[in-house]
Amino acid sequence: MPLSLTRKTLHDRRRSLAGWSLGLAGLVAVMCAYWPTIRDSSELRSFFQDLPEGLRAIVGDADYGTAAGYLDAELFSFMVPLLLLVVAIGMGARAIAGEEERGTVDLLLSLPVTRRRVVLEKVAGGLLVLSLLGAVLFVSLLVGAAAVDMDVPAGRLAGISLASVLVVLPFGALALAVGCATGRRGGAAGFAATAAVAAFLLETLGSIVPSLDGWRVLSPWNWYASDEVLRSGLALGDVALLVGVAAALAAVAIVAVERRDLGV
């Protein structure tokens, strides 16, 4: 049956998808509700602008005097990508390695499908879950921004919602590739999480450590550039990099799963 594994992935994740959706919507609602207080308080804006350079590197060089700067600092520089990263890495690590650890991979491969198709349908299911979360994020931003008169165009909100999904794809694909190569879900998730943290540190520290600045272009967080997306929209080159790296890692996963004795 076409895309049966994709539909099963969505069915298996329906409860967690609902939970993550409520969590994202609630987070956006809370942050939007605080915006009028920040906007109308010069003291609070001065406090955030006077944060130490190290902390400002983490939240980004955001302008709390604008709605776009506030959203970038409070949601998109760290919190929203972190939540989506947990989902992406978890799904990537579970896709094949989880089946092996549960002892269900033999049953899965007994179906009249190739190993490549199994991986591709698992990837499609993961992409659909992340896309649905991105849609929830966008709708929540639209509603929240309209409710508190945030002057951020809908197109920019759509762009940052898409960018938040795209930036986690390479790390989810890395978890998938490691899981397919090793059959160990925990190891795959840990390796991908470590890579995400290292890339984030490279991007944040590179903005304040001159010797690291030239290496920032290697970090997916640099391609994400949430502040730029909110100010001027998505850059197609950055989108291509994020999608291209994720696709390359997915291809590695397919090669690994086709060459290894699964479940052994």
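No value in this document is a laboratory result; all are computed from the given coordinates. Model, not experiment: these values are computed from the prediction. Note that we place each Cβ from the backbone using ideal geometry, even for glycine, and neighbour counts take in every protein chain shown.
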How big is the charge dipole of the chain about its Cα centre, in debye rounded to the nearest 20, if each Lys and Arg gets +1 on its Cβ and each Asp and Glu gets -1 on its Cβ?
-> 1300
Approximate spin-label separation ASP151-SER232, in nm, with each point projected 7 Å along Cα-to-Cβ = 2.0
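Go ahead and estimate [θ] at 222 nm for the chain from helices alone: -39,500 (n - 2.57) per DSSP H run with n ≥ 4, summed, over the residue count, rounded to 500. List each step's numbers first, then the result.
Numbers: 16 runs with 201 residues, N = 264.
Calculated at 222 nm, the ellipticity per residue is -24000 deg cm²/dmol.
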So, in nm, how far is label SER211 from label VAL30 when the simple model puts each one 7 Å beyond its Cα toward the Cβ?
-> 3.9
By average Cβ neighbour count within 10 Å, what is the ranking of 237-244, 84-91 from highest down?
-> 84-91, 237-244
Who wins for biggest fluctuation among VAL167, VAL136, VAL148 in a Gaussian network model of the chain, springs between alpha carbons below 10 Å?
-> VAL148
What ³J(HN,Hα) values, in whole Hz, does the Karplus curve 6.51 cos²θ - 1.76 cosθ + 1.60 give for segment 116-121 when θ = phi - 60°, with x put for Gly and Pro?
-> 4, 5, 4, 5, 4, 6
For segment 105-113, Karplus-derived ³J(HN,Hα) couplings (6.51, -1.76, 1.60; θ = phi - 60°; whole Hz; x for glycine and proline) come out as 5, 5, 5, 4, 7, 6, 5, x, 9
Karplus 3J(HN,Hα) series, Hz, for segment 88-101 with 6.51 cos²θ - 1.76 cosθ + 1.60 (x for Gly, Pro) = 5, 5, x, 5, x, 5, 7, 3, 10, 4, x, 5, 5, 5
With Cα springs under 10 Å, the Gaussian network model of the chain assigns the largest mean-square fluctuation among LEU27, LEU111, LEU17 to LEU111
For the chain, what is the convex hull volume of the alpha-carbon atoms per residue, in Å³?
-> 125
Take the alpha-carbon centre of segment 169-239, take the same for segment 96-127, and report the distance between them in whole Å.
-> 26
Subtracting the Cα-Cα distance from 0.36 nm times the residue separation, let me have the gained length for THR114 to HIS11 in nm, one decimal.
-> 34.9 nm
